[in-house]
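So the structure is just underneath, and the comments pick up after that.
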Amino acid sequence: MSGGNRMRKGAAAKPATARRAAKKPARKPVKKPVKKPAGKPAEPAMDLAVGRRIRDLRRSKEMSLEVVAARTDLSIGFISQIERGLSSPSLRVLATLADVLGVGIAALFGATPRDDGAGGIVTREVQRAELKLWRTGISKQLLSPAGSESRLNLFLVHLEPGGNTGDEFYTHDGEEAGLVLQGEMTLTVDTETWTLKQGDSFRFASRRPHRFSNPARDAKAVVLWVNCVTAAG
């Protein structure tokens, strides 16, 4: 009898254990938060380098912030932020500042080291100075030797999808020309607008109000661009 009772208790205990085990919800795997890659330090560093270059050029010309602000129609505070690397200027703003400082935009790249005996004539691919306007999707690589005294400069301009100089027109000293190497570009000069595709080229006086952009949503544009400025007064 006692043995039979023990057997029945044992048999009854198994389903209870199974029921208790079934009641426990399965543990869901804990998803670890995905760490986002840190922002590229090159972007703020680029703003800082350009800002310092503008400040050095302004001081070498013995021009105050007030004078530059009055001649560019930019606020003193905004110019000060650019010089300190706290604001990322557009190509229009940089061209305007370079114009008032009496230099071409190539002067804002700064000098690149020459260690191969090229004598300021040859620029190796690895030596190209770059001006990255990361907020507007435009970057310019300087193909000619950098320096504030150069009047003729050659650039390789990269336009990311949607990259543009903004809605406002801008003007500056000199003349420019270019050839679309890849993708397409929309160019507006005065009241006329053209869509240029690979193989198309252009030329116009830089004093004519102009702007440009890459209208493509999924393709980059690359333009070989030439700027020539007049000799400083």
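The values are calculated or read from the model by the stated rules, or taken from the named source; none is laboratory data. Note that the structure is predicted; figures quoted are calculated from it, not measured. Every residue, glycine among them, receives a Cβ derived from its backbone with ideal geometry; neighbour counts consider all protein chains shown. Heads up: the accessible areas ignore ligands, DNA and RNA and are worked out on the full protein's heavy atoms, side chains in. Shrake-Rupley method; radii C 1.70, N 1.55, O 1.52, S 1.80 Å.
General remarks:
- Qualifying residue in the range 91-102 (condition: modelled with pLDDT under 85 and of a type outside the set (A, V, I, L, M, F, W, C)): no
- Within the range 123-143, if we keep just the residues that are over 14 Å from the mean Cα position of the chain (by Cα) and open to solvent by 20 Å² or more (accessible area, probe 1.4 Å), the residue that is modelled with the highest pLDDT turns out to be Leu143.
- Selection count where residues are surrounded by fewer than 19 Cβ atoms within 10 Å (Cβ to Cβ) and either at pLDDT 95 or above or under 14 Å from the mean Cα position of the chain (by Cα) (or both), scope the range 155-168: 5
- Qualifying positions in the range 61-99 - among the β-branched types (Val, Ile, Thr) and under 25 Å from Gly163 (Cβ atoms): Thr72, Ile79, Ile82, Val93, Thr96
- Any hit, the range 56-74, residues being in a loop (DSSP other than H, G, I, E, B), within 21 Å of Asp173 (Cβ to Cβ), within 23 Å of the chain's Cα centre (by Cα) and modelled with pLDDT of 90 or more: yes
- Residues in the range 144-154 that are open to solvent by 40 Å² or more (accessible area, probe 1.4 Å) and not small (Gly, Ala, Ser): Glu149, Arg151, Leu152, Leu154.
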